[in-house]
Amino acid sequence: MRREALDRALVLHRQGDLAGAADAYRALLKETPGDAALWEYLAVARASLEEGVAETAGFFRRALLLEPANVSALFNLAALHVRNTQDPLALAGFRRATVTAPENAEGWMQRANTAIRLGRNAEAFSAHRHATRLAPLDPLKWEQRATLLRRATQRDDADRVTRAGLVLNPDAANLWAARSAVFFEIDRTAAALSCGRRAVISDPKNPDGLANHAQALYRMGRYHDAAVAAGEALRQAPDNPVIAFNLGLYLLTAGNLAQGWRLYDARLIPTARLRHGLPPRLWDPGTPQKGRNLIVPAEQGLGDEVLFASCFADLAAELDAGNLDSVTVECTDRLRTLFERSFPAFRFFDRLRKPENRLLPADYSQIANASGADSFVMAGSLPGLFRKSPANFPSHTGFLKPDEGRVAHWRRELEKFGPPPYVGLSWRSRAGRNLSTVYYPGPDNLTAILRLGGVRFVTLQYDHSEEEVGRLEEENAAEIMRPDGLDLTNNIDDTVALMAALDAVVVPNNLLMSLAGALGKPAEAMIHAANWTFLGTDRVPFWPTVHIHRRTEEEGLDWGPLATRVAARLKTTLGL
């Protein structure tokens, strides 16, 4: 009888009747509570139902108490912790699994993937080496090892790993795609395109190969071709949000706002589990009678927060029209004073997920309850609601409002430096320093700008060193003002006041470019390549006062010609 009852339970499980299978396992466990396999079967069924996480974990632990060396139970319990963003517990589980079964390559791979999410790079590298040693003919193991090295910016090692994997697996589409990604990141677009083609040839239906091929086409400025390749990748992997999001970026870059904005929202899918306590209703300005108290969670980086704030005036108009009763906005603490001054009708609160706890969920329930929020919209979704066509972009002269007292202070300080014009200068982004020659001009390509006569330069570079600025002055016979007492990294409000006192700024594609555009400050932007914010134009419609200078394909990594073009334009705009 017991054998028949177990068979029926397993049939229910295989047929997808998880609730029925769980009930059958419970009934069997009443008779044989010491059966480790039954506890594991019950836990697996419950885990698939995605309910009662703590209870499900308890079932796995019961199985392990009865059978401590049960590798599948160890692995499944760790996987449960991964799904529920409990990476520290997951890593402990995968460690135990690899000690119990050291020859299981998949266990080492999952241990590596969890370790990297926790910033334990050394452990992740070691675990990946174990995985590829145990399964050298599994291209996925080599691909994931290369991906880890890329994330750690060890691109030479990633190149070496993909080559080693391809020696053993020459037709592995995923490995060709990974190799394409390596070349893409170091701006070797021709090589990236070639490897992307090899991936597609090896497996025409491989979504990763198609997606990386699309990335290379995009980098080469072939936006329509990139969208076609990404569209095919999405057809092969319709549930892949990363591919959908990238396709949205390609379409936006090409100027297809209608489809681009729709796919841009795919970015929210992977992080949805990290947002708790938001109102169930998604706000839609077309139905003002539903959702009167709005909460706007922040997302992405500081520059993105500023860009999305370009739509705050539209939310303020909804307030003025009576379509909203309140707007509560999340923002990075360094932006809060500036945002509160610029949008006094809104309530602001500090960003819940800080860099140090970015892997932990953010619980908005307390803020939502206190504000009475009954609807929400992510900050990055505002352009899709209010900027549906080029005609929806206002020709503003700035929406951020600096502290006028501090602006006056900086004007006095600048006058001590000498007569105008005063030009602020930045040459990289902290986030991209390891690829400065690819994405940013760096300090060594500014000669044509720094040798302009009659200009007073002011450093806005928030991570400059005295040695670096001193060398720039010496090599270019220039004098560069260091803003006395100003923390350019953390005191964004005072940095904005200084920028407002300047006549112009010269910046790469970093936070300062967004701040200049949001201030309505004349800016010369040094850009590596077009991106989605161009929206099918040769400028960034969000920032009407920012003039774009793009490095051409023919110029390679040489930023000198671009700097010469910037200098020529400054001569005209400043009347030099």
Restricting segment 1-44 to residues that are among the small types (G, A, S) and in contact with a Gly (Cβ under 9 Å, 6 or more places away or on another chain), the one surrounded by the most Cβ atoms within 10 Å (Cβ to Cβ) turns out to be A43
Tell me which residues, restricted to segment 333-347, are farther than 14 Å from T489 by Cα and not hydrophobic (A, V, I, L, M, F, W, C).
R336, T337, E340, R341, S342, P344, R347
Do you know which residues across segment 113-127 are modelled with pLDDT under 90 and in a helix (DSSP H, G or I)?
N113, T114, A115, I116, R117, N121, A122, A124, F125
Members of segment 437-473 that are modelled with pLDDT of 95 or more, touching a Ser or Thr at 6+ places or on another chain (Cβ under 9 Å) and among the aliphatic types (A, V, I, L, M):
A448, I449, L460
Does R197 meet the test of being surrounded by fewer than 23 Cβ atoms within 10 Å (Cβ to Cβ), of a type in the set (D, E, K, R) and in contact with a His (Cβ under 7 Å, 6 or more places away or on another chain)?
yes
Which residues, counting only those in segment 161-175, are of a type in the set (A, V, I, L, M, F, W, C) and touching a Pro at 6+ places or on another chain (Cβ under 7 Å)?
L168, A172, L175
Those residues of segment 518-534 which are in contact (Cβ under 8 Å) with a residue 40 or more places away in the chain and more than 19 Å from the chain's Cα centre (by Cα) amount to A518, L519, G520, K521, P522, E524, M526
Among the residues of segment 62-100, write down those that are under 24 Å from A146 (Cα atoms), touching a helix residue (DSSP H, G or I) at 6+ places or on another chain (Cβ under 6 Å) and among the aliphatic types (A, V, I, L, M).
A78, V82, A90, L91, A97
Filter result for the condition that a residue is without any contact (Cβ under 8 Å) to a residue 24 or more places away in the chain and among the hydrophobic types (A, V, I, L, M, F, W, C), over A216, A191
A191
Scan segment 374-407 residue by residue and report those that are open to solvent by 20 Å² or more (accessible area, probe 1.4 Å) and hydrophobic (A, V, I, L, M, F, W, C).
F376, L385, F386, A391, F393, F399
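The values are calculated or read from the model by the stated rules, or taken from the named source; none is laboratory data. Source: prediction; values computed, not measured. Virtual Cβ from ideal backbone geometry, glycine too; neighbours counted across all protein chains shown. Each accessible area value is taken on the protein alone, full model and side chains, heavy atoms only, with ligands, DNA and RNA left out. Shrake-Rupley method; radii C 1.70, N 1.55, O 1.52, S 1.80 Å.
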